[in-house]
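Comments concern the structure below.
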Amino acid sequence: MSKKTYKFIVWIVLLYALVQISYLVAEYQIAGGKFGAPLDDVWIHVRFAENLAHGLFYHYNPGEPTPGTTSPLWVVILSIPLLISEQLVLPFALLVCSGFFLWMLIELFRLCLRLGFNEGYAFIITLLTLFAGRLLWSSLSGMEITLFALLSVLIFKNHLKELSTGKVTAMGGVLIGLAANARPETYLLAGLYYITTIFLLGDKLRANLGRIVLSLAIFAVLLLPYPVFSYIHTKGFLPNTY
């Protein structure tokens, strides 16, 4: 990493901190001296996470397994603080949600550099993302949105690396599999990723067939458990709230 690039990343971190603090101050004033989560979706995830932490897998009501969450990976993440104390789950959710937002901004800046933008343009694109209202709101929502955004950026970065080196990696399957457990919209993204990979590899496709099969296998292993769980309980492969 060049010294100039490092300076831009430092500025991204500082502006991110300023924006997050401003958001929290505004929320504190508007909510009458309280902090919280803006949607009941967060508490749905927490309810699943609470039961998961107590060994009940995906249950909203104990003893009634159901695919009632569109983000099984987020439920797993939120179950971590519940192993210690219920009081930790909200601050933990807000903290990791915000942390994923910062990580995504840094990776987006690096993605722009990989796409050929200079540091200045990459910085402007990152700032536009930082100040995008819905993403800013989601960064302190306690929901899985920023996690999915981060995984999407990492998928695109990995994809560009694969195309530039002419070698498909297992990491593609890992990232897409994780993203599919963060948001079911990844099913479409996965199809586009593999079709694009096969199409753009050209004369290097034959040498990469084994790697593509491995990537698909990893993706399938990470993807299939929740759709199978959904089908067993609802006869549909998507969550019943999707």
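Based on protein heavy atoms only, the chain ends up with 53 Å² per residue of surface accessible to a 1.4 Å probe. Less than 5 angstrom separates the built amide H of Tyr60 from those of Thr66, all sequence-distant by 5 or more or on a different chain. Within the straight-line cut-off of under 25 Å between alpha carbons, the lysines reachable from Lys167 are Lys157, Lys204, sequence neighbours fewer than 8 places apart in one chain being disregarded.
For the chain, rounded, prolate or oblate, judged on the Cα gyration tensor with a ≥ b ≥ c (square roots of eigenvalues), a/c < 1.5 rounded, else prolate if a/b > b/c?
Judged from the Cα gyration tensor, the chain comes out oblate (a/c at least 1.5, b/c at or above a/b).
Among 214-221, 174-181, 80-87, 33-40, the peptide with the highest mean count of other Cβ atoms within 10 Å heads the list, and the full ranking is 174-181, 214-221, 80-87, 33-40. Scanning the chain for long hydrophobic helices, with DSSP H runs required to stretch 15 angstrom or more by C-alpha along their axis and to average at least 1.0 on the Kyte-Doolittle scale, returns 72-82, 89-114, 119-130, 145-165, 170-180, 186-201, 205-223.
With contacts taken as Cα pairs under 8 Å and at least 6 residues apart, the chain reaches a relative contact order of 21 percent. With viscosity set to 1.002 mPa s and temperature to 20 °C, compute the Stokes-Einstein D of segment 77-196, Rh being the Kirkwood radius across alpha carbon pairs; µm²/s, no decimals. For the chosen part, D equals 139 µm²/s. Taking 0.36 nm per residue of sequence separation and removing the Cα-Cα distance, the Thr165/Leu205 pair yields an extension gain of 13.2 nm. All C-alpha pair distances within segment 142-199, sorted into 10 Å bins from zero, spread as 24, 56, 18, 2 percent across the bins. How many percent of the accessible area of the chain is carbon or sulfur, using a 1.4 Å probe? Of all accessible area on the chain, carbon and sulfur atoms account for 70 percent.
The values are calculated or read from the model by the stated rules, or taken from the named source; none is laboratory data. Bear in mind the structure is a predicted one, so any value in this text is a computation, not a measurement. Because the Cβ atoms are built from the backbone with ideal geometry, glycine has one as well, and the counts that use them run over all protein chains shown. The area values use the complete protein model at the heavy-atom level, side chains included, leaving out ligands, DNA and RNA. Shrake-Rupley method; radii C 1.70, N 1.55, O 1.52, S 1.80 Å.
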